[in-house]
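A.B. asks: A single structure is presented below for examination.
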């Protein structure tokens, strides 16, 4: 019976993610004084990509790359409690699921690396090399922040972390542990891969990066994953730092605001080169993360 | 630290078709670690040489209609400025004309694009790249040709380096006339293309596959420096 | 502490014949273009890279070669005009000016005062629209696409004024031998002034968005440096030379049209990196707007706009040769024109700034640079392929 | 400018001097003296800015004219050095050691006119064309219209008018 609720949750998340992507594209278009795409454009793009007629493969890993990537996104979803206090939408949340989710965040990237490598396009290999190096440094402040709140709440279960933050805004990790929140929110910029940290798929340098060779259904799967992954990472941060959600409305609002923040930063900043972005993550965010552990 | 090379390049004969062959495409005799030798021909062995096949539309009419509607609403343009008409792509994608409203988006890689805009005259050198990009696009794919240069050569009709008629080298869905066409004309061209796709007439990829030999003969007539596989997957 | 520069001695080097050994599996050859969003126009760079470092770069042009100079053997002088503007797409008016100035000089025609002012106006408007596209595009190369949206919108407004004046958006063919094709329409100056006010606002916002942006500075300061000794060695002109501290501007050095009656001083910098060249072109927008205001104020109200010329259909331009130049937004833009006294030109040869900037200079500059900086370097030189290959 | 021309005339054999403007001169010199003169102008007279090198095909005389345009950046003077070379087996001494960008001009001339510059870097590589196996296109004996019609599938229905006759017919049909 649980599997039905999980699938229902996944359905809601995908739809919410697609709509959110469309709305955000309209908002960024407004900054550029444009009207922008219709809000339902991500749906159409997805349908079209799944309906491409001719497809070919570069090898086994070319098939498996998007599968790995999608399994990373779905994996995060499976173990993430969505609504606090709701048995139905807690998914397979359990003790220690925070570690599992951090693992799933990386596995998608690794799968992508194998697929992009099999594709053989030099730009996709350059892109994925950059992606792996940047993501490794992004993980450093995030892991430090997670260790800090694990010490703070004496648990690695997301449900319990959310439970500890209930009872008003002053109980959120944002207020009780601002240093960890700061470190994690800075690394969130790198996770979402908007400017200034979008060197992985920088269009002017290595057009599109890792997915250069992916098309049709492969690309459709990557897009589906992008939608799930983006929303789920925002929900993870909501659960860890912003008090979780007790109903769908609060979840949508919080997830939207958290997701909007890297988009907002990305609209007005150019991108760092890969060496600069790695250095950036190892300076301020890492320092904040270390301070968060010291002053917990 | 010069390593011993495990292959020997075979010099090609001086026939007409080998005139412009590049050194990296020469046949070579490779010695495997176990001592066997075999011959590698980069142009044939490194690429799949199957001809393109036509892909039949979905047999269920309603599904195909729906998919065609989706294709018409989500046109990903290959960002390849082949000629001077590409300067009008800037206004097209920016606030004044904003083609994003109609689902037109740019894509830097041919694998993910559906529409190729040939923006004006094509020199022989660019035509080779354009064909290569076109063949790398996935079916269904469309071609929009801008300017009078692609229709009959325009003001370069007597030039030794620009083609006169694009439809001899790749199937064209929509022509937009003008030199160069204004962004409004381009938008009208997009509308026309959408209508064509919705009516199920945007089958250029199948047309290309069915008349493959004719197109190839035309292309090979003018591109003497071929140096690539016959069909680029 | 974290500052790290690559140890170049450990990098693969070219063999004694100047060629790299690709069988060593330490190098990758990539083609940057022609189908690449980071390349200005339709050209390509053949790069040999090791990691992110470029070891060798070769420019390949000819994707836009139409053989203009051959076609002019078959066209009369006046028939050259519709095609000559297409030699450089982003800024077409320098072409028409140079050709008409060359013909006038060969034929000994003095153009009327009004025509001089109108030509100056059109050339400056042309420069303005080219700069409005290229200055934000410098941000676009490092991932800041927002300025491009604003800039191209304003460029469209200037193109509207062009349309009003000449009937064409990109290609105008407004200048003809002997003068121009017409006078300003009613209310043109007011409408242009309205647009210039918007440009003034844009100049400030692009400064806030781009030039004061910490990340933009980090990406551009100190990158793609051009030493001042290279100026003559590579034939560098225009704003690139001004970025290196050498004031080269045809409008000041060889005043043509009405430029000797205008008061302006182009910006100059000695940093000679991408940031300096962006800053100079950003300043050029301000200078150009100021020049346009001066032109509109000082321009005569009425007057003859075309000197009498022989019937252009069988005009035999006297025998001779001449080199004419003007300042485009990229630098000195010259035409070498040879007439043999017949109805058809003997030779019209274009020498644009990109001819050296994009070939010999770019090849040299990209060595030991990072592949992330290639697009920014190219736009900072404002390379324009059609003027290389014609 | 006058004294510079006098200086040159003392040292080199100048066959023709044309004053185009007061700051723009064209001088003709023999083929063997050309590179020497250009070097002299660069090093002694400080015409340090090289503008262009181009060729003009005088097919009637069987000659190519090569023009080296040099510019004096501080005195604001231009000088064009003309030299005439034979059209058959055209060769010219290379000047790539004087300025870096001369090699590009020479590469183009080699391809478009078939003028060889032995020793110039990458001079044999194709520059603008790819897979060209006809005579160099910028030579006047190459007929671009004929080549285009034979090669590029002209669309039927195009008619060409001589502009003078066409306008006459249109404007004064009775004359």
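The values are calculated or read from the model by the stated rules, or taken from the named source; none is laboratory data. Here the structure is a predicted model, which is why all the values come from computation and not from measurement. Here the Cβ is made from the backbone with ideal geometry for all residues, glycine too, and neighbour counts use every protein chain on show.
A.B. asks: With the condition kept exactly as written, say whether any residue in region C:202-210 is touching a residue at least 24 places away in the same chain (Cβ under 8 Å), in contact with a helix residue (DSSP H, G or I) (Cβ under 9 Å, 6 or more places away or on another chain), surrounded by 14 or more Cβ atoms within 10 Å (Cβ to Cβ) and under 17 Å from residue C:365 (Cβ atoms).
C.D. replies: No, there is no match, as no residue in region C:202-210 is touching a residue at least 24 places away in the same chain (Cβ under 8 Å), in contact with a helix residue (DSSP H, G or I) (Cβ under 9 Å, 6 or more places away or on another chain), surrounded by 14 or more Cβ atoms within 10 Å (Cβ to Cβ) and under 17 Å from residue C:365 (Cβ atoms).
A.B. asks: Just for region B:149-185: of the residues that are at pLDDT below 85 and farther than 16 Å from residue D:148 by Cα, which one is farthest from the other protein chains (Cβ to nearest Cβ)?
C.D. replies: For region B:149-185, the residue satisfying everything is B:178.
A.B. asks: Do we find a residue being in contact with a helix residue (DSSP H, G or I) (Cβ under 6 Å, 6 or more places away or on another chain), under 17 Å from residue A:240 (Cα atoms) and surrounded by 17 or more Cβ atoms within 10 Å (Cβ to Cβ) anywhere in region A:58-67?
C.D. replies: First, pick out the residues of region A:58-67 that are in contact with a helix residue (DSSP H, G or I) (Cβ under 6 Å, 6 or more places away or on another chain): A:58-59, A:61-62, A:65-66.
Remaining after also requiring under 17 Å from residue A:240 (Cα atoms): none.
No; the residues of region A:58-67 include none that is in contact with a helix residue (DSSP H, G or I) (Cβ under 6 Å, 6 or more places away or on another chain), under 17 Å from residue A:240 (Cα atoms) and surrounded by 17 or more Cβ atoms within 10 Å (Cβ to Cβ).
A.B. asks: So, one more: Kindly check whether there is at least one residue in region C:138-161 that is assigned to a loop (DSSP other than H, G, I, E, B) and away from chain A (no Cβ under 14 Å).
C.D. replies: Within region C:138-161, not a single residue is assigned to a loop (DSSP other than H, G, I, E, B) and away from chain A (no Cβ under 14 Å).
A.B. asks: Moving on to the next point. Could you list, in sequence order, the residues of region D:7-32 that are surrounded by 14 or more Cβ atoms within 10 Å (Cβ to Cβ), part of a loop (DSSP other than H, G, I, E, B) and within 12 Å of chain C (Cβ to nearest Cβ)?
C.D. replies: Selection gives D:23 alone.
A.B. asks: What's the total number of residues in region B:68-95 that are farther than 13 Å from residue B:140 by Cα, in contact (Cβ under 8 Å) with a residue 60 or more places away in the chain and surrounded by 21 or more Cβ atoms within 10 Å (Cβ to Cβ)?
C.D. replies: Summing the residues that are farther than 13 Å from residue B:140 by Cα, in contact (Cβ under 8 Å) with a residue 60 or more places away in the chain and surrounded by 21 or more Cβ atoms within 10 Å (Cβ to Cβ) in region B:68-95 gives 7.
A.B. asks: Inside region D:136-158, can you point out the residues that are assigned to a loop (DSSP other than H, G, I, E, B) and exposed (fewer than 14 other Cβ atoms within 10 Å of the Cβ)? Write out each step before concluding.
C.D. replies: From region D:136-158, those assigned to a loop (DSSP other than H, G, I, E, B) are D:136-143, D:152-158; that's our starting set.
Those that are assigned to a loop (DSSP other than H, G, I, E, B) and exposed (fewer than 14 other Cβ atoms within 10 Å of the Cβ): D:141, D:156, D:157, D:158.
A.B. asks: Select from region A:23-39 the residues that are in contact with a helix residue (DSSP H, G or I) (Cβ under 6 Å, 6 or more places away or on another chain), surrounded by fewer than 19 Cβ atoms within 10 Å (Cβ to Cβ) and over 14 Å from residue A:267 (Cα atoms) and list them in ascending order.
C.D. replies: Within region A:23-39, A:35, A:39 meet the criteria.
A.B. asks: Which helices (runs of 4 or more DSSP H) does region C:320-390 wholly contain that include 1 or more residues that are within 14 Å of residue C:68 (Cβ to Cβ)? Explain how you work it out, then say what you get.
C.D. replies: On the way: elements: C:362-366, C:374-381, C:385-389.
Of the helices (runs of 4 or more DSSP H) lying wholly inside region C:320-390, those with at least 1 residues that are within 14 Å of residue C:68 (Cβ to Cβ) span C:385-389.
A.B. asks: Could you please tell me which pairs satisfy a Cβ distance under 8 Å, a separation of 6+ or placement on different chains, a first residue in region D:150-167 that is more than 9 Å from chain B (Cβ to nearest Cβ), and a second residue that is part of a loop (DSSP other than H, G, I, E, B)?
C.D. replies: Filtered contacts from region D:150-167: D:163/C:76; D:163/C:78; D:163/C:79.
A.B. asks: Among the residues of region A:181-203, how many are more than 13 Å from chain B (Cβ to nearest Cβ), farther than 17 Å from residue A:70 by Cα and outside any loop (DSSP other than H, G, I, E, B)?
C.D. replies: 12
A.B. asks: Another question about this same structure. Being within 14 Å of another protein chain (Cβ to nearest Cβ) and buried (at least 19 other Cβ atoms within 10 Å of the Cβ) is the filter here, so list the residues in region B:191-208 that pass it.
C.D. replies: B:194, B:197, B:202, B:203, B:204, B:205, B:206, B:208
A.B. asks: Also, quick follow-up: Here are some residues: B:160, B:169, B:156. Which one is free of Cβ contacts under 8 Å to residues at least 12 places away in the same chain and farther than 25 Å from residue A:208 by Cα? Step through it out loud before you land on a result.
C.D. replies: Details: B:169 fails: free of Cβ contacts under 8 Å to residues at least 12 places away in the same chain; B:156 fails: free of Cβ contacts under 8 Å to residues at least 12 places away in the same chain.
It is B:160.
A.B. asks: Return a yes/no flag: does region A:244-257 have any residue that is at pLDDT 85 or above, surrounded by fewer than 22 Cβ atoms within 10 Å (Cβ to Cβ) and under 28 Å from residue A:124 (Cβ atoms).
C.D. replies: Within region A:244-257, not a single residue is at pLDDT 85 or above, surrounded by fewer than 22 Cβ atoms within 10 Å (Cβ to Cβ) and under 28 Å from residue A:124 (Cβ atoms).
A.B. asks: Sticking with this structure for a sec: Can you find even one residue in region B:116-123 that is more than 7 Å from every other protein chain (Cβ to nearest Cβ), assigned to a helix (DSSP H, G or I) and closer than 26 Å to residue B:20 by Cα? Walk me through how you get there before you give the answer.
C.D. replies: Our first condition is that a residue be more than 7 Å from every other protein chain (Cβ to nearest Cβ); within region B:116-123, this holds for B:116-120, B:122.
Imposing the further condition that a residue be assigned to a helix (DSSP H, G or I) reduces the set to none.
The answer is no, given that none of the residues of region B:116-123 is more than 7 Å from every other protein chain (Cβ to nearest Cβ), assigned to a helix (DSSP H, G or I) and closer than 26 Å to residue B:20 by Cα.
A.B. asks: Here's another thing I want to ask about it. So, in region D:96-135, how many residues would count as being in contact (Cβ under 8 Å) with a residue 12 or more places away in the chain, assigned to a loop (DSSP other than H, G, I, E, B) and under 20 Å from residue C:44 (Cβ atoms)?
C.D. replies: Matching residues across region D:96-135 total 10.
A.B. asks: Out of (1) within 14 Å of chain B (Cβ to nearest Cβ); (2) closer than 27 Å to residue C:208 by Cβ, what's the single condition that is false for residue A:221?
C.D. replies: The one condition residue A:221 does not meet is (2).
A.B. asks: Hey, another quick one. Taking the residues in region A:204-213 that are more than 7 Å from chain B (Cβ to nearest Cβ) and assigned to a loop (DSSP other than H, G, I, E, B) as candidates, determine which candidate is surrounded by the most Cβ atoms within 10 Å (Cβ to Cβ). Give the steps one after another, and end with the answer.
C.D. replies: Let us first name the residues in region A:204-213 that are more than 7 Å from chain B (Cβ to nearest Cβ), namely A:204-206, A:209-211.
Checking which are assigned to a loop (DSSP other than H, G, I, E, B) leaves us with A:204-206, A:209.
Details: A:204: 23, A:205: 31, A:206: 29, A:209: 27.
This residue is A:205.
A.B. asks: For region C:217-242, give me each residue that is within 11 Å of chain D (Cβ to nearest Cβ), touching a residue at least 60 places away in the same chain (Cβ under 8 Å) and in a helix (DSSP H, G or I).
C.D. replies: C:230, C:241
A.B. asks: Restrict the check to region D:129-136 and report whether at least one residue is in contact with a strand residue (DSSP E or B) (Cβ under 9 Å, 6 or more places away or on another chain) and more than 10 Å from every other protein chain (Cβ to nearest Cβ).
C.D. replies: Within region D:129-136, not a single residue is in contact with a strand residue (DSSP E or B) (Cβ under 9 Å, 6 or more places away or on another chain) and more than 10 Å from every other protein chain (Cβ to nearest Cβ).
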